[in-house]
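The values are calculated or read from the model by the stated rules, or taken from the named source; none is laboratory data. Remember, it's a predicted structure, so these values are computed and weren't measured experimentally. Positions of Cβ are backbone-derived with ideal geometry, glycine not excepted, and every protein chain shown enters the neighbour counts.
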C-alpha cells in the first residue's frame, strides 16, 4: 500500500523553522494500530491523517505514542497540503475532528485557523510543578493543559524542565508563558507524558493563551511567539467562544509511504 505523505513546517516562512508535521492523505481509514505505527515511525510531534468527506475532510492527529483531540500546527500543515497540493487554488477548507469542525482559510501568505476557545481558570499547582519546570511560576491556571505564568520572557527562555518530573504529573501538557519584549506574549509547551518533550510551536495551546492574554492585556488581536529552539510566530484574535490562529507554512518533503 502506498500512502502519500507530506512534511510541512508550520508557523514558519522557511524550512527548518516552526513546527514540523507529517500529513498523510488516505482514501479509507486504516486501523488505529496502523495509524499509530505510522505516527511512531514518523517520530514528529504530530502526524495528521486526512480523508475526504464530501467537499470537506475528516482529520485525526497522533503523536508518536497516542491520538490527541486537537492539534494546531498539524491542522495548519494539512490546510497547506490541501491548498497547494490536493486542490490548488482552493482558499478555504473545513476539517471534521474530535473537537468539532475546524475551518481554515488562506489570506495572502498566511493561513487562518478558527479553533474553539479554552479559557484557563486559576487552580492549585500540582505538587512538584515548580520543581519540574525549574522555577516557581507567579500564577497557575488550567484548561486542558496547565498554564504556568512567569514574569518575563527571559524566565521562560531559561527554563530547563525535568521532563521525567513533568511526565509523572497528571496532565496532558504544560504551557509556560510570559509577556514578550517585542510581541504581546511568549510561550513554550511541554508534553513529555504524551511523547512530546517540547513541542516547537503548539497551536492548540493558544486556545487557552489567547483568552488569557486578551483579558489581561485588554485587546482582542495579539501577536505571539513560541520561543522553543526552532521558534514560531503566531497572529491571533479572540472572538469569544472561538479563537483565530494564523501563521505561515512551508513544505519540506513529499513522498509515499509503503506499508
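Checking the condition outside the structural domain of residue 9 (by TED's automatic domain parsing), at pLDDT below 95, more than 15 Å from residue 147 (Cα to Cα) and surrounded by fewer than 18 Cβ atoms within 10 Å (Cβ to Cβ), which residue from 231, 164 passes?
231
Can you tell me which of (1) surrounded by fewer than 20 Cβ atoms within 10 Å (Cβ to Cβ); (2) assigned to a helix (DSSP H, G or I) is the one residue 208 doesn't meet?
Going through (1) surrounded by fewer than 20 Cβ atoms within 10 Å (Cβ to Cβ); (2) assigned to a helix (DSSP H, G or I) one by one, residue 208 breaks only (1).
Output yes when any residue across the stretch 20-37 is at pLDDT below 95, under 21 Å from residue 247 (Cα atoms) and crowded, with 16+ Cβ neighbours inside 10 Å, and no when none is.
No, the stretch 20-37 contains no residue that is at pLDDT below 95, under 21 Å from residue 247 (Cα atoms) and crowded, with 16+ Cβ neighbours inside 10 Å.
Out of the residues in the stretch 109-140 that are out of contact with any helix residue (DSSP H, G or I) (no Cβ under 7 Å at 6 or more places or on another chain) and within 21 Å of residue 183 (Cβ to Cβ), state the one that is surrounded by the most Cβ atoms within 10 Å (Cβ to Cβ).
112
Go through 176, 140 for me and flag whichever is in a strand (DSSP E or B), at negative phi and over 19 Å from the mean Cα position of the chain (by Cα).
140
Could you tell me whether residue 161 is part of a loop (DSSP other than H, G, I, E, B), more than 22 Å from residue 9 (Cα to Cα) and either touching a helix residue (DSSP H, G or I) at 6+ places or on another chain (Cβ under 7 Å) or touching a residue at least 60 places away in the same chain (Cβ under 8 Å) (or both)?
When the stated conditions are applied, residue 161 passes them.
I want to confirm something. Restricting to the stretch 68-96 and keeping residues that are surrounded by 18 or more Cβ atoms within 10 Å (Cβ to Cβ) and touching a helix residue (DSSP H, G or I) at 6+ places or on another chain (Cβ under 8 Å), which single residue is nearest to residue 235 (Cα to Cα)?
If we take residues in the stretch 68-96 being surrounded by 18 or more Cβ atoms within 10 Å (Cβ to Cβ) and touching a helix residue (DSSP H, G or I) at 6+ places or on another chain (Cβ under 8 Å), then 72 is nearest to residue 235 (Cα to Cα).
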